[in-house]
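Working notes, beginning with the structure itself.
The values are calculated or read from the model by the stated rules, or taken from the named source; none is laboratory data. Keep in mind that what you see is a predicted model, and the values were worked out from it rather than measured. No Cβ is skipped: glycine too gets one built from the backbone with ideal geometry, and neighbour counts run over all protein chains shown. Surface areas here come from the heavy atoms of the whole protein model, side chains and all, with no ligands, DNA or RNA. Shrake-Rupley method; radii C 1.70, N 1.55, O 1.52, S 1.80 Å.
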Amino acid sequence: MEGACREKGSVMGKVFALGAASGQAAQVDAVFLMILVIGIFFFLLTQGLLIYFAVKYRRRSPDRDNETPRITENRVLEFFWILIPSIVVVVIFYYGWRVYTNLHEPEAGAVEVYVNGRQWLYEIKYPDGRTAINEIRVPAGKPVKFILSASDVIHGFYFPDFRGKMDMIPGRTTVLRLQPDRPGRYPIFCTVYCGTGHSNMMARLIVMPPAEYAEWAAHGEKEGGEGKEHEPLAVRGERIVKNAGCLNCHNIEGPVKVGPDWKGVYGRKVLLEGGKTVTADEDYLRESIVDPGAKIVKGFPNVMPTYKTTLPKDDIDAVVAYLKTLK
Ligand code: HEC
Ligand SMILES: [Cu+2]
């Protein structure tokens, strides 16, 4: 499997040709094709009429200079040329929006992979603690959720075959979802100009048949970096939480201390001071730790210290992974 390079055709061929690697990508292609066909239709219609009228109403002879009639308005015509394009763009919007929300719908049981962009490579972290550079392995046929961040400047995370793209932004957590159905190797590009090494900032996604993936995951565990056991992210997060004094103010479950309880915090709708509501996703949890004053939970004092300088980014990822396990 390793040696058998399944990247067929050139990279440029992959970018421009259709040949979607998943059902979702085919949906994106369908939207694109629909817009293309509508665009071609109206192009031919308007340009065809332009040429037809130019010929039909041309000046027939130099001495005949009959004046063009002065036409001021035609209500019926104006009504329809506003109505028809409006319907067309609303249809395009609606169809595109349906596909977009479908792509971004959270799916239960997704495999999670943490990817951090830095000049000029991708650092990969799996929830069980394994790490890699520029190579992501996932099982075929399962939804995958990429949790993205960046260390230095904005990078892009782009799968041409899956039509999926998301920015990696320093100081924020973004998410990209994918459902790779077919085993194979697929390129990943950085789409944001991020310095001299930008054009070489490439990685690959290796989609493995589930049995092979399970074997690889078990094998990787045993290798464990020369006998060292990999510490799963959530376990590391729990350890950090105990050392960082969070539990002086937070209870996991039970009587509320200074701050809110953590049970079920991930995914919960949080009511904030000022009346807004946010969903506690990865980015909210990260922000609550590095910039607790940014969003204050309603009914609680703004007393939580920032851990921005005391907890490195890796530790914050681990704490967030731990908070997500408290269901
Ligand atoms: C001095 C007490 C204190 C400490 C220490 C503290 N927190 Fe908090 N925390 C609070 C308070 C009070 C709030 C609610 C007000 C706010 O949103 O800032 C809060 C809010 C939060 C929230 C948002 C919870 C929600 O329900 O939306 C998270 C997540 C969080 N803290 C995580 C942590 C972590 C992780 C640590 C340790 C690294 C920590 N806190 C340490 C007091 C504390
Ligand atoms: Cu980059």
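Which of the residues spanning the stretch 258-287 are of a type in the set (S, T, N, Q) and open to solvent by 70 Å² or more (accessible area, probe 1.4 Å)?
Thr277
In the stretch 293-313, which residues are in contact (Cβ under 8 Å) with a residue 60 or more places away in the chain and open to solvent by 70 Å² or more (accessible area, probe 1.4 Å)?
Thr310, Lys313
Quick check on Val290: is it within 8 Å of ligand 1 (Cβ to nearest atom) and either farther than 23 Å from Ala108 by Cβ or open to solvent by 70 Å² or more (accessible area, probe 1.4 Å) (or both)?
So Val290 does not fit the description; no.
If you scan the stretch 61-93, which residues turn out to be among the hydroxyl-bearing types (Ser, Thr, Tyr) and either surrounded by 10 or more Cβ atoms within 10 Å (Cβ to Cβ) or in contact (Cβ under 8 Å) with a residue 24 or more places away in the chain (or both)?
Scanning the stretch 61-93 gives a single hit, Ser86.
Among the listed residues Pro106, Pro127, which satisfies the condition of being in contact with a Leu (Cβ under 9 Å, 6 or more places away or on another chain), more than 16 Å from ligand 2 (Cβ to nearest atom) and open to solvent by 10 Å² or more (accessible area, probe 1.4 Å)?
Pro127
Here are some residues: Glu231, Glu238, Glu273. Which one is in contact with a helix residue (DSSP H, G or I) (Cβ under 7 Å, 6 or more places away or on another chain), within 26 Å of Thr309 (Cα to Cα) and acidic (Asp, Glu)?
Glu238
Kindly evaluate Thr101 against the criterion of being within 30 Å of Tyr213 (Cα to Cα), among the polar types (S, T, N, Q) and at pLDDT below 90.
yes
Just the residues that are aliphatic (A, V, I, L, M), open to solvent by 60 Å² or more (accessible area, probe 1.4 Å) and more than 16 Å from ligand 2 (Cβ to nearest atom), please, taken from the stretch 174-213.
Ala211
Name the residues in the stretch 47-60 that are at pLDDT below 95 and surrounded by 10 or more Cβ atoms within 10 Å (Cβ to Cβ), would you?
Matches in the stretch 47-60: Phe53 only.
If you go through the stretch 209-222 one residue at a time, do you hit one that is near ligand 1 (Cβ under 8 Å from one of its atoms) and at pLDDT 85 or above?
no
Do we have Thr173 as within 16 Å of ligand 1 (Cβ to nearest atom) and either farther than 23 Å from Asp314 by Cα or at pLDDT 90 or above (or both) here?
Answer is yes for this residue.
Between Tyr266, Tyr322, Tyr307, which is more than 16 Å from ligand 2 (Cβ to nearest atom) and in a helix (DSSP H, G or I)?
Tyr322
Step by step: first the residues of the stretch 232-257, then only those that are among the basic types (Lys, Arg) and surrounded by 13 or more Cβ atoms within 10 Å (Cβ to Cβ), then the one that is farthest from ligand 2 (Cβ to nearest atom). Which residue is that?
Arg239
What is the residue count in the stretch 109-124 for residues that are within 16 Å of ligand 2 (Cβ to nearest atom) and farther than 17 Å from Tyr213 by Cβ?
Of the residues in that region, 9 qualify.
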